[in-house]
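Note sheet for the following structure.
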Amino acid sequence: MTTLQEILQERILPGHCFSPAYYIRPDIHTGILESRGGYRLAAFPMPLLEALYSGLRYETGQAARVILYNCGRDWGEEFFRRFEDELSRYHNQPLRELPMGILLDALSDLWATHGWGRLALDFSAGDQGVVQASVRNSGFALAVRTSYSPEEASTPREPSGHLESGVLASLFSLLSGRELVCVQTTCESLGADQNHFLIGTAQRLHNCEEWVRKGMSHDEILDRLTATPEGSLLR
């Protein structure tokens, strides 16, 4: 149990490992941002993100979605390693031994602290082999929406959270010990109130992208997926 003395001396706030006021440590003299654990952080202005998205689409066309997803997978692996290290040290306990509630709350807090929006996870379909994730106020979705030219904005588009999908796929692959993928079903860049994602095995989700292109809703896709059980993802 954490004592008052530990809180005062170590600045430990039980359950709030990634609270921005304590997690982000800026050095105003050097302009360097670091986390409590000593990891370097970077702040990207929105115009830079917009330029990255528009430039990638211009240079690679439809391949941009694959590039972003694979970058997200690589990013997600490093993100998980940092998350595991910092949370384990904070609680003086291996990540695998922490209660699932603490782990998931910490993950949502860290997601928000990085400016990626508010992450929520839903395991109600976990026994059918599907985990749902939603993100509100995604900075990535905002950057994509404002990066489109008038000509691009007038053409039909698909959900654009490929980077986030890759990150989520990596995170849950490492958490579950299974190779998982992630498919986005709704997107704030297309006017939805939040971004919805489905996480599962490639075999389980192999039809999802086609269903999204056909205009099926998130709930309709989930109903099709859960009609046949597969087994829990997180054992």
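Please give the per residue accessible area of the chain, computed with a probe of 1.4 Å over protein heavy atoms only, in Å². Mind showing how you got there, number by number?
Numbers: 12680 Å² over 235 residues.
Here the residues of the chain average 54 Å² of exposed surface.
Express the carbon and sulfur contribution to the solvent-accessible surface of the chain as a percent, rounded to the nearest whole number, probe 1.4 angstrom.
On the way: 6730 of 12680 Å².
Looking at the chain in its full context, I get 53 percent from C and S.
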(message) Please list, short to long, the whole-number percent of alpha-carbon pairs of the chain in consecutive 5 angstrom bins beginning at zero.
(response) 1, 6, 12, 17, 18, 16, 12, 9, 5, 2, 1, 0, 0
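Once you have the Cα-Cα distance between residue 216 and residue 149, take 0.36 nm times their residue separation minus that, and quote the gain in nm to one decimal.
On the way: separation 67, 0.36 × 67 = 24.12 nm, distance 2.64 nm.
Using 0.36 nm per residue and subtracting the Cα-Cα distance, I get 21.5 nm.
Want the number for residue 71 to residue 41: 0.36 nm per residue separation, take away the alpha-carbon distance, what's left?
Taking residue 71 through residue 41 to full extension adds about 9.1 nm, to one decimal.
Working out 0.36 nm times the residue gap between residue 16 and residue 102, then minus their Cα-Cα distance, what length gain in nm do you get to one decimal?
Numbers: separation 86, 0.36 × 86 = 30.96 nm, distance 0.94 nm.
Extending this stretch completely gives an extra 30.0 nm.
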(request) Go through 45-58, 65-78 and give me the packing order, highest mean Cβ count within 10 Å leading. (result) 65-78, 45-58
(message) Rounded, prolate or oblate, given the Cα gyration tensor of segment 23-77, with a/c below 1.5 counting as rounded?
(response) oblate
(message) Which of rounded, prolate or oblate describes segment 36-124 when judged by the alpha-carbon gyration tensor and an a/c cut-off of 1.5?
(response) prolate
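Averaging the inverse of every distinct alpha carbon separation and then flipping it gives the Kirkwood radius. What is it for segment 93-181, in angstrom units?
So the Kirkwood estimate lands at 14.9 Å.
The values are calculated or read from the model by the stated rules, or taken from the named source; none is laboratory data. Bear in mind that the values here come from a model prediction, so they are computed numbers and not experimental data. As a convention, Cβ positions derive from the backbone with ideal geometry for all residues, glycine included, and neighbour counts pool all protein chains shown. Accessible surface areas use protein heavy atoms only, side chains included; no ligands, DNA or RNA. Shrake-Rupley method; radii C 1.70, N 1.55, O 1.52, S 1.80 Å.
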